[in-house]
Every structure is written in C-alpha cells, then in structure tokens.
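Working notes for the structure below.
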Amino acid sequence: MGQNIRLTAADGHELDAWRADPAGAARGGIVVVQEIFGVNVHIRDICERLAAEGYTAIAPAVFDRAETGVELGYDDDGIARGRELRGMIEWDDTVADIAAAVDVMKAEGKVGVVGFCWGGSLAWLAACRLGVDAAVGYYGGQIIDFTDEQPTCPVLLHFGETDGSIPLADVEAIKATHTGVPVHVYEGAGHGFNCDRRASFDAASATTAWDLTLSLFAEHVG
C-alpha cells in the first residue's frame, strides 16, 4: 500500500503527494498527474498499479496551492469544483510542483510521467520542460495550447474519439504539428475512458492504452 509524503517545490511551496513503492528494487520512477478531481482513489490506484509493475510511483497533490486534501467525485458538483480549483493555479506553478516530484523520483533511476485530463496536458509540459525520460498523456485537452513547445523525450498521447470536450480537429492539429509523437484515438471512447469509476469507462480502450503506456515506460524508463 502507498503512503502520503511531503514535497517542496523550488519556490518553497510544500505539497502532499501519494507514493507507492514496488516490492523489490524499482525499475524507475513514474510521476502520476491527477485529473481535476484531486489525488483521489483512481489516481492512487494508478500509482498502485505502476508499483505492481515494478516502478516507484508518486502523485503530487497539485491542487494544494489552492486547497489541500481535495478528493472530488465525478458528478456535476465535482466537475464544477475541480474546474474552479484548476482556474486558481498558474500553469508554471503546477509544473514546478511536478518538477518537485520528478526530482524525488530521480533517486529511483530514470523518470516517466503519466497524466490524465488536466494531468494529460501537464504530462506534455513535463516532457517539454522537465527533462524526463518518457511521458504519456491521456485526453489532455490543453495540449493544443502548447503545441509550439517541443518534447525532449519520447511521448505517447491517448484520446477518445467521442470525447465531447476535446475536438478531433485539435487532435489532428497536434498530430500534424508533432509528426513524431504517436497519437492514439480510441474508437467509441469518450473523455475519462481509462477510469473505471466513471460512466465513460471503456474497458477495451483502457486496456489497450495501458499496455501501450507500459511498453513505452519499459523501453525508456526501465
């Protein structure tokens, strides 16, 4: 089982993080970046699944700059509150918090980042700005706003074909701008298709995306 730890960003901000360690020596470290629902049971479960694969995984509580201890549900109230909190935090500050988690994971070897929704866009920024070894973004709707930035590591992106919050035109623009980045669009899958606690969960798409994610990390992290 994982445990809560504390991180300190370069500007002195302190934040919580959930850490899960493998049973034996780590293959490397993976930073898991939350959706707009906080470091909730789904994000902690992702950490545990990565630990079961042999990685040390850490999920920084990037909402802590606005409010601590956030765990929201996937209902309308949770979505509204998550969007409100996200709007209180600057992108650069959130990247700094992810950088603090990356620095801790360097003790485990090479470092990868995987993020979901808001975290999917942040995983892209980590790939461009933080010198990580691999990054995976799931349904990152704001990646389109940062296509002028260039990843410095292998990146993999996952999107749902029927995601009402991310136009397929944006996905095509990302593909056209970054031809070397594999972009997978899952037929019939919507936003949040990887989360088995959401109505939009798509088991087949989630399994395929997870297998591809693990393959990328196996090749470039350990």
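Throughout, read-outs are computed from the coordinates displayed, never taken from laboratory work. Computed from a prediction, not measured in an experiment: that's the story for all the values here. Positions of Cβ are generated from backbone atoms using ideal geometry, with glycine treated the same way; all protein chains shown enter the neighbour counts.
The table below lists the values:
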| quantity | calculated |
| --- | --- |
| Rough spin-label spacing in nm, given labels placed 7 Å along Cα→Cβ, for L168 and A80 | 3.2 |
| Packing-based ranking, highest mean first, of 89-98, 28-37 given that Cβ atoms within 10 Å are counted | 28-37, 89-98 |
| Förster radius 25 Å - calculated FRET efficiency between D93 and V41 (Cβ-Cβ, nearest 0.05) | 0.50 |
